[in-house]
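Every number in this text was worked out from the coordinates using simple rules, so none of it is lab data. Computed from a prediction, not measured in an experiment: that's the story for all the values here. Quick reminder, even Gly has a Cβ in these numbers, built from the backbone with ideal geometry, and neighbours come from all protein chains shown.
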Amino acid sequence: DEEKGLHRSVTGVTMSPELFEKLYLTPKVPHVGDNNKRYANPTALGFVGFVISTFTFSMVMMGWGGASGLSPVVGIFFFVGPVLLIFAMVFEWIMGNFFPMMVMGLFAVFWLSFGCLQLPTLQLGASYASTADPSGYGSPEFNATVALYLIVWGFALFTFFIFTCKINAVFAAIFLLVSAGAWVLSAAYWKVSQGEYAQAAKLQK
């Protein structure tokens, strides 16, 4: 090599303690887009809130064990379901999961809005009150209005069912069942508005 004019030299790289600490000892700062590694999956939290609220509501509506009326369990409409679903919705948004965020938000506002119907203190039926029905909750107009509201919810949920058919079988099954449930409950309110209470009770169960 020396004959060809080539020389070997030993070189060394010096590194200051500050640079070494920065490269090897300092934890990596999280970057945008790695929230899946920073946070736990919030879907399970929202799912638990949905299941507890839905199962409680369904069992009471079917009259299991002689249950009647939703006033004792009104907390499922304002705390158990919506609170867990809203927390899950916020963290799904932080993690960038658009569709689960939409699902959590959808069910949260449904429970909140439907729960308002179960609070006598709000006196939502006062404008429909009559001598025969001082509360107004049994009036044909009030029940027909609620029936229309549930029909709209049924179509909204069925739209989500279509969206999830090729994405997630569990979500698709949930949306299909809750769509059917919304329409059946709507039919029960229609029967109440028509004075067919026996048919309404059958549809409710």
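Can you tell me what the convex hull of the Cα atoms of region 85-201 projects to on average, as an area in nm²? For the Cα atoms of region 85-201, the hull's average projected area reads 8.4 nm². Each of Ser71, Ser58 has some number of other Cβ atoms within 10 Å of its Cβ, and from fewest to most they run Ser71, Ser58. Working note: Cα atoms of region 137-205, range along each principal axis, descending, whole Å: 42, 20, 13. The slack in the chain from Ser16 to Leu119, taken as 0.36 nm per residue of separation less the alpha-carbon distance, amounts to 30.2 nm. For Gly136, the residues whose amide H sits under 5 Å from its own are Ser130, ignoring neighbours fewer than 5 places away on the same chain, with H placed 1.01 Å from N. Here the 3J(HN,Hα) profile of region 191-201, calculated from phi with Karplus coefficients 6.51, -1.76 and 1.60 at θ = phi - 60°, is 5, 5, 5, 9, x, 9, 6, 5, 5, 4, 5 Hz, Gly and Pro shown as x. Note that region 135-145 has calculated 3J(HN,Hα) couplings of 7, x, 6, x, 6, x, 5, 4, 5, 5, 5 Hz, one per residue in order, obtained from phi through the Karplus relation 6.51 cos²θ - 1.76 cosθ + 1.60 (θ = phi - 60°); glycine and proline are x. Here region 48-119 is treated as an ellipsoid with the same Cα gyration tensor; its semi-axes, largest first and in whole Å, are 26, 11, 8. Karplus-based coupling profile of region 109-115, in residue order and whole Hz: 6, 5, 5, 5, 5, 6, x, with θ = phi - 60° in 6.51 cos²θ - 1.76 cosθ + 1.60 and x standing for Gly or Pro.
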